[in-house]
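Notes follow the structure.
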């Protein structure tokens, strides 16, 4: 059994070794965290915009053409609805527009020459009939005076003459209307009806086009929410799309460093996931309003300090950066400062 003195020396040696290890650790850490005066280091997380994509129509989903994780391009077809009902509605609206267009064209063209000639012929026939009926009535009235016919026969002849004159007047008015053509009010009313039908056709056509859902931008399908057979609507997202352009680091700048950087300055971004890999970046936006240090970057020393949010846009040609990934931003301060950015989508300087 080892003596008590030996045990004591062993314990002392262990303590000395642990103390030396602690000293080495803290020295290396301080050297690693030491930052040159001409460089500003910011810490944050990768941020990517996400959008919910939904059909702007109420119908059952017919097909879904992408899976979760698929990379899609702007304008790519993602899913379709059952189009049968929507197609019938569009065809019905198109037929109504065609019929009303014919009505308007007929009114604008006016009365056909054939119709005018027929109205003129009918007026001439009515005039001849009225003239004959008038003469007959006059002859019969003279015979009544001579008591050669009854008063009833003369009255019937006079009534027939009056009716003939009335038909002649109607025929002349019909001829005048045929020559004058449709009224302006009727044409305007027909045109208004045509406009309303065209608007209905536009709505039906748009509803039919809404049966196809396209990607609004380049990105990655993050979630496939609805499946074929589900009832789609504008309130029910079918997909969640993560937009891959732009990608930025959401970092925070302390109040004391605000005078050292401006939008447009170049930077480099590194991550723990890809040690040694540096991504070209640039400062695109700095918030005009301050906020307290968020809990994700809070320390005992700065928990009451004010910081400003900054967006540092990153080139990601190999698609390595992911949403929420911790990142370190290094901003060289010995560079020409560009003018203020016009927006948080500023192009790379």
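Values computed for the structure shown
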quantity	calculated
Residues of the range 283-304 satisfying the condition of being at pLDDT 80 or above and surrounded by fewer than 17 Cβ atoms within 10 Å (Cβ to Cβ)	287, 288, 289
Tally of residues being assigned to a loop (DSSP other than H, G, I, E, B) and buried (at least 18 other Cβ atoms within 10 Å of the Cβ) across the range 305-324	2
From the options 228, 246, 263, residue that is assigned to a strand (DSSP E or B) and more than 16 Å from the chain's Cα centre (by Cα)	246
Unique residue being loosely packed, with under 13 Cβ neighbours inside 10 Å, modelled with pLDDT of 75 or more and at negative phi when the list is 150, 141	150
Residue check, residue 213 touching a strand residue (DSSP E or B) at 6+ places or on another chain (Cβ under 6 Å), part of a strand (DSSP E or B) and under 15 Å from residue 61 (Cβ atoms)	yes
Residue check, residue 130 under 15 Å from residue 172 (Cβ atoms) and in contact (Cβ under 8 Å) with a residue 24 or more places away in the chain	yes
In the range 47-72, residue surrounded by the most Cβ atoms within 10 Å (Cβ to Cβ) [restricted to those that are within 30 Å of residue 308 (Cβ to Cβ) and at pLDDT 90 or above]	51
Filter result for the condition that a residue is buried (at least 19 other Cβ atoms within 10 Å of the Cβ) and modelled with pLDDT under 80, over 232, 171	171
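The values are calculated or read from the model by the stated rules, or taken from the named source; none is laboratory data. In this text, all values refer to a predicted model and were calculated from it rather than measured experimentally. Here the Cβ is made from the backbone with ideal geometry for all residues, glycine too, and neighbour counts use every protein chain on show.
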